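The values are calculated or read from the model by the stated rules, or taken from the named source; none is laboratory data. Fair warning: this is a prediction, and the values are worked out from it, not measured in the lab. So basically every Cβ, Gly included, is an ideal-geometry build from the backbone, and we count neighbours across all protein chains shown.
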Amino acid sequence: MARTPSAMAQADDGSLVATTEAGQVRGQRVGNVLVFKSIPYAAPPVGALRFAAPAPHQPWSGVRDATTGGPTAPFNRPPAGAIDDQAIFGAGWVKGDDFLTTNIWTPALTGPARPVLVFIHGGAFVLGTSDVPLYDGTAFAQKGAVLVTLNYRLGIEGFLKIKGVPSNLGIRDQLAALRWVQANIGRFGGDPANVTIFGESAGGMSVATLLGSPAAKGLFRRAIMMSGSGQAALSGEQADRIAAKYAKVLRIKNTPEAYRRFTPEQLLEAQQKVTPKMVKLDTDTYADPGSGTVLYFPVIDGDIVPAMPLASVQQGASSGIDVLVGYNSDEANYFLVPSGLLKKIKSNFVLTLAAKRLHPAPASLVTVYKQAYPTKNLGELLSAMATAYQFQVPSVRLADAHARQPGRTYMYEFAWPSSVAASTYGAYHGLGLPFVFNQRALVTGPRGMLGPSGGPAELAEKMQDAWVEFAKTGSPGWAPYTPAERQTMLLNTTSELQTNPHAKEIRAWEGVR
């Protein structure tokens, strides 16, 4: 339910009250940081606003309580696995209408205007929320920055292509949140002229989408893409295939009226009835951006997403923006280790067959990777190839494209390996997050993201300092990236700037979509 005037209270301490366009909000002081939770940036997407573009929130009277978390976008919490995901997903979906909200951590409401970092959470565009323990912005605020996190619509309600519904509602939500930041963040001690967006996984893909979107022009000055891709978008034809399959399976017409008949709970149930295996997404022009594993992505619509984000960046859409791009060394282990697939790769024939899903010349690709990684077993080689296809190569391509435009470019590779599950995951997808947010203790333990051995404090400090410094100055503290030398900071217990790392493997992907 939306918060009502009865849920608002006058603040005892005026220093904890900030004024937004829609009304006043009261936060709380936690140590030397001010925290504001669940501040609306748009109206609840219910009733006539369900399956509609985000609209301004109605003003409220009095002082709205912003000391506790609020509802989230509806999502299905994934089943428990070897790694405890409580820090990332919390308890799961928190029901309520007023979930298009931001959370803010700031050193103070007054004083010098501070750099602003706006975080976009991941979750394959179908799950997740910004208000969870891992995304606590306290350490950012202690280092002189204002940290903002946001919720956006997910799955069917945020990304399915429905006739008569504005395209890319989830991305439109992100844009609305960024416009809200421009209008309001100065009242929270932030500098609207110095906003850095950053996101991981689907959040990183969102960053790439925003870099290529004309609708995002002027809403941010810098961007950090963590484990994302500028090639993670669906063509209109691909999106139509997904929508048609849903309509067939659910026995409805592909209209907003048909989908509005479902409650959020029913939509989440319906969402699971169509799997990636049920829809052939490869076309003559566009590859399946999820390699047969996921269905939801931003859709190329000629408007919010005018083209594949990489193509837009190549054409100068991100000109003048400072960009930091990075990936993890063993991204694909997060997806492949739990499936047990890596252990089943016991022959060159099976490895080559698996690589065929990624590359038109799989035997040649396998040869390149065997030469590059002579100590890896066959399953590990498949993971390295999948990591390259989905994350590493798209990151390099985006960095190459942006580095040819005005605006600085930087690259990193996160290589620190976790000790979780007997150290079988390595530097897997998502592992950089507790370092960037400096939340190591939260995810240390037998099933914690970092594993029972924990993670090095020095690396967490180095990474968060780099993110803050990039937000402040446009440089994370190492040499800029150029397409000729591809300078890449390798982040581990000891870190070093590399020149043209993985050159032979990256070259093997030239011309591959």
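Worth a mention:
- Residue-level analysis places Gly81 outside the set of residues that are crowded, with 19+ Cβ neighbours inside 10 Å and part of a loop (DSSP other than H, G, I, E, B).
- Members of region 482-497 that are touching a residue at least 12 places away in the same chain (Cβ under 8 Å) and either within 24 Å of Tyr428 (Cβ to Cβ) or touching an Asp or Glu at 6+ places or on another chain (Cβ under 7 Å) (or both): Pro483, Arg486, Thr488, Met489, Leu490, Leu491, Asn492, Thr493, Ser495, Leu497
- Filter result for the condition that a residue is hydrophobic (A, V, I, L, M, F, W, C), closer than 30 Å to Ser418 by Cα and part of a loop (DSSP other than H, G, I, E, B), over Phe119, Phe125: Phe125
- Conditions (1) touching a strand residue (DSSP E or B) at 6+ places or on another chain (Cβ under 8 Å); (2) more than 30 Å from Asn194 (Cα to Cα); number of the one not met by Pro476: (2)
- Qualifying residue in region 170-177 (condition: aliphatic (A, V, I, L, M), in a strand (DSSP E or B) and surrounded by fewer than 23 Cβ atoms within 10 Å (Cβ to Cβ)): no
- Pairs where the first residue, in region 141-156, is within 15 Å of Ser130 (Cβ to Cβ) and the second is of a type in the set (Lys, Arg), C-beta under 8 Å, 6+ apart: Val146/Arg114
- In this structure, Gly511 does satisfy being at pLDDT below 95 and either of a type outside the set (Ser, Thr, Tyr) or not in a loop (DSSP other than H, G, I, E, B) (or both).
- Scope region 84-110; condition modelled with pLDDT of 95 or more, surrounded by fewer than 23 Cβ atoms within 10 Å (Cβ to Cβ) and either of a type in the set (Gly, Ala, Ser) or not in a loop (DSSP other than H, G, I, E, B) (or both); matching residues: Gly96, Ala108
- Of all residues in region 184-223 being under 12 Å from the mean Cα position of the chain (by Cα) and under 12 Å from Val148 (Cα atoms), the one that is surrounded by the fewest Cβ atoms within 10 Å (Cβ to Cβ): Phe198
- Residue in region 310-325 that is polar (S, T, N, Q), more than 20 Å from the chain's Cα centre (by Cα) and part of a loop (DSSP other than H, G, I, E, B) present: yes
- Just one of the listed residues (Ser364, Ser339, Ser383) is farther than 12 Å from Ala508 by Cα, touching a residue at least 40 places away in the same chain (Cβ under 8 Å) and among the hydroxyl-bearing types (Ser, Thr, Tyr), and it is Ser383.
- Positions within region 149-158 being outside any loop (DSSP other than H, G, I, E, B) and within 23 Å of Val181 (Cα to Cα), in sequence order: Thr149, Leu150, Gly158
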